[in-house]
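Trainee: One structure, as structure tokens, below. Some questions next.
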Amino acid sequence: MDITFFIPLIAIGAIFYFLLLRPEQQKRKKHQTMLENLTKGDEIVTNGGLHGKILGISNDRRIVLLSVGEMNNQDIKVNISLSAIAFLKKGGELIEGE
């Protein structure tokens, strides 16, 4: 077989890696770093669209206690999985994965 037969296959493989696989890996790594650096008081948005402020994080169970609002002068608190967090909010803007 001739080496010129493999050149297009190698080029397609490189394009596939740099346009699809590598950006997804970087996005996943950035999101994981954001999850590891969350602290009490951060404002977040979940995958389901729930906006709230972190009241506490249980790293051993990977659960976050979230304050999502107030009703009749009582805080509404929700426990969510750490993996359900999609965005961090800073200054009212969504920051994906930072």
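The values are calculated or read from the model by the stated rules, or taken from the named source; none is laboratory data. Everything quoted here is computed from the prediction, not taken from an experiment. Cβ sites come from the backbone with ideal geometry, for glycine too, and all protein chains shown count toward neighbours. Surface areas here come from the heavy atoms of the whole protein model, side chains and all, with no ligands, DNA or RNA. Shrake-Rupley method; radii C 1.70, N 1.55, O 1.52, S 1.80 Å.
Trainee: Kindly express, to the nearest 10 degrees and within the range 0 to 90, the angle between helix 22-36's C-alpha long axis and the longest C-alpha principal axis of the chain.
Mentor: Between the helix axis and the principal axis of the chain, the angle is about 20 degrees.
Trainee: Between A14 and S83, what is 0.36 nm times their sequence separation minus the Cα-Cα distance? Round to one decimal in nm.
Mentor: 21.7 nm
Trainee: Tell me which residues come under 5 Å, amide H to amide H, from L50 once H is placed; ignore anything under 5 positions away on its chain.
Mentor: When sequence neighbours closer than 5 places are left aside, there are no close amide H contacts.
Trainee: Per the 1.4 Å probe, what fraction of the accessible area of the chain, in percent, lies on carbon and sulfur atoms?
Mentor: Of all accessible area on the chain, carbon and sulfur atoms account for 55 percent.
Trainee: Now for a different question. So what's the angle, to the nearest 10 degrees on a 0 to 90 scale, between helix 6-16 and the longest Cα principal axis of the chain?
Mentor: Its long axis makes an angle of about 10 degrees.
Trainee: So which residue, out of L21, L50, L35, gets the largest mean-square fluctuation from a GNM of the chain using Cα contacts under 10 Å as springs?
Mentor: L21
Trainee: While we're looking at this one, here's another question. With springs only between Cα atoms under 10 Å apart, run a GNM on the chain and tell me which of G69, G56, G13 wobbles the most.
Mentor: Answer for the Gaussian network model of the chain: G13.
Trainee: Which is the longest run of the chain containing none of the trypsin sites (Lys or Arg not before Pro) found in DSSP loop states (not H, G, I, E, B) with at most 14 other C-beta atoms within 10 Å?
Mentor: Result for the longest clean stretch: 1-39.
Trainee: A further question follows. How many Å² of accessible area per residue for the chain, probe 1.4 Å?
Mentor: Here the residues of the chain average 75 Å² of exposed surface.
Trainee: A further question follows. I want to verify a result. In a Gaussian network model of the chain, Cα cutoff 10 Å, which of these has the top mean-square fluctuation: I85, I57, I15?
Mentor: Looking only at I85, I57, I15, the largest GNM fluctuation is found for I15.
Trainee: Treat every Asp and Glu Cβ in the chain as -1 and every Lys and Arg Cβ as +1, leave all other atoms uncharged, and give the resulting dipole magnitude about the Cα centre to the nearest 20 debye.
Mentor: Once rounded to the nearest 20, the dipole reads 140 debye.
Trainee: Still on this structure: Per DSSP H run of at least 4 residues, take -39500 (n - 2.57); add these up for the chain, divide by its residues and hand me the 222 nm value, nearest 500 deg cm²/dmol.
Mentor: -8500 deg cm²/dmol
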